[in-house]
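Report on the structure given below.
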Amino acid sequence: MMLEAKNVRKSFDGREVLRGIDLQVEKGDVIAILGPSGSGKTTFLRCLNFLERADAGELVFDGERFDLHAASRADIARLRKKTAFVFQNYNLFLNKTVLQNVTLGLTLGARMKKDAAREIAVKALEQVGMADRLDAYPSQLSGGQQQRVAIARALASSPEIIYFDEPTSALDPELIGEVLSVMRQLAEAGMTMLVVTHEMDFARNVSSKVLFMEGGSVIESGPSRRFFEQPKEERSQAFIRSIIEARK
Amino acid sequence: MNERLWGILVDSFPKLLDYGIRVTVPLTILSFALALLISVVVALIQYAQVKVLRQVCRFYIWIIRGTPLLVQLWLVFYGLPSVGILIDAFPAAVLVFGFNEGAYMAESVRGALESVSRGQLEAGYCVGMSYMQIMLHVVLPQAFRTAFPALSNSLISMLKGTSLASTITVMEMFRQATVINGRVYESLGLYTEVALIYLAFCTLLTWLQRIGEKKLASYGGEKA
Ligand SMILES: Nc1ncnc2c1ncn2[C@@H]1O[C@H](COP(=O)(O)OP(=O)(O)O)[C@@H](O)[C@H]1O
Ligand SMILES: [Mg+2]
């Protein structure tokens, strides 16, 4: 087991948003986190990377235990070295070029030499098809291009797992494909990924497992194929039906 | 215009300009540097929500913005000596101008900091950068660009405001004009002349501001 989260709990202003979430991730897993909006998917992902402090919960990563509520700064820094995060609205550094967006974490965060960082960054940008725009600023790029740069930034630190929070939700429909195809490539190359998404084709065809959440709890989890073809829970069935309805 | 007045104005021009360059300009630059330092520190304390210090900052801004600059100036220069605090006129002026404009500038800088999306801070954390590194390389440069026009305005208003230092015995450009006027009684002519020199200084600053704004202009154009 590469990553295991146990009993993750979080309340905002006395309202329980996560009611004890469990998750197990094997190396190479691509897990789609599904569920209606407001069910706590984003919060869960953020807790795993300490962007939000959980009220309780434990994370075991590569055999090392982290207290999701009380981890120290040093623990958090160590954990973040092994993980990367891709945000819904990219969160690129707006005053930096495409290349700098990718190298900044390497030179400042990981204290790498400039040349080495550049080499890694260019490779990562090649992987997402953005190596021809090294000197562009985020404001000169389309949303799809910005998200691909953000993925390159995530890849550059050679993470063991990448968390994606609705990476295509802010995109115009015609730009979604380019981002999904990069993610599909990563999945095929064996990258471990945890993806909050509303893209059912991705969840069905690319992800190996599904975690279906509602109201701050996991309703159902298991292999993607089984989830879509024979959902066990009534809530899951209703969710899948509603998606098919929405498509028509 | 009669010949006597013309002669007086021509004579006084180099003297006024001399005090402008030797006193008014340095007084402005020093006060502005102090104000900039204070404003960035105060804005950062509020942005980072440092507990007790944040209250201290709110209090400072409240006091400064709620009382007249002239009163602050007199309080420090004429008032403080009675409790044993004696500050020379020039440094007293720098202190008061710096702390005064600093309060207004702090609000501009804070607004500019808040306008940088917090998501960039989170992205920085996720790639292993420290709070300081993110502030220095990502947030502050963007905030500076946003705050630049407001800060330029503060600089210009400060330059004119330094004339108040004449009331606490600082011999700057305006006081020099009053001194000359005391000998020749040509208020209209002399004060118009000194006003025009201030106008020239401010025009120069406005021009510099435009150049600065062009230089800072947009990381690849406005769109985002
Ligand atoms: N920072 C916050 N403060 C207060 N409430 C929040 C905060 N973040 C999320 N919430 C609430 O928590 C619930 C779950 O949100 P979220 O994790 O974003 O759900 P999802 O990503 O599944 O749409 C929502 O009701 C949301 O309003
Ligand atoms: Mg969400």
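The values are calculated or read from the model by the stated rules, or taken from the named source; none is laboratory data. Here the structure is a predicted model, which means the values were calculated and not measured. Positions of Cβ are generated from backbone atoms using ideal geometry, with glycine treated the same way; all protein chains shown enter the neighbour counts. These accessible areas exclude ligands, DNA and RNA; they are computed on the full protein's heavy atoms, side chains included. Shrake-Rupley method; radii C 1.70, N 1.55, O 1.52, S 1.80 Å.
Key figures for this structure:
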read-out	value
Mean separation of Cα contacts under 8 Å, 6 or more apart, over the residue count of segment B:3-219: relative contact order %	30 percent
For residues of A:103-115, the mean tally of beta carbons on other chains within 10 Å	4
Peptide-level mean, for B:111-121, of C-beta atoms on other protein chains within 10 Å	2
For segment B:14-49 versus segment A:184-225, the gap between their alpha-carbon centres in whole angstrom	57 Å
Tilt relative to chain A, helix A:173-188 - C-alpha long axis, 0 to 90 degrees, to 10	90 degrees
Global geometry of segment B:3-219, whether rounded, prolate or oblate, following the gyration tensor of its Cα atoms and the 1.5 cut on a/c	oblate
Helix-only [θ]222 nm of chain A, DSSP H runs n ≥ 4, -39500 (n - 2.57) each, per residue, nearest 500	-11500 deg cm²/dmol
Value of Rg to Rh for segment B:144-224 (Rh from inverse mean 1/r over Cα pairs, i.e. Kirkwood)	1.18
Shielding score for A:135-147, defined as the mean number of other chain Cβ atoms within 10 Å	2
Segment A:192-244 - percent relative contact order, Cα under 8 Å, separation 6 or more	24 percent
For segment B:1-150: accessible area per residue (Å², 1.4 Å)	52 Å²
Acute angle (nearest 10 degrees) that the helix A:234-247 long axis makes with the longest principal axis of chain A, alpha-carbon atoms	50 degrees
On Cα atoms only, tilt of B:173-184 relative to the major axis of chain B in degrees	10 degrees
Inter-site label distance for B:Trp6 and B:Leu196 at 7 Å from Cα along Cβ, in nm	1.3 nm
222 nm mean residue ellipticity, helices alone, for chain B (DSSP H n ≥ 4; -39,500 (n - 2.57); rounded to 500)	-24500 deg cm²/dmol
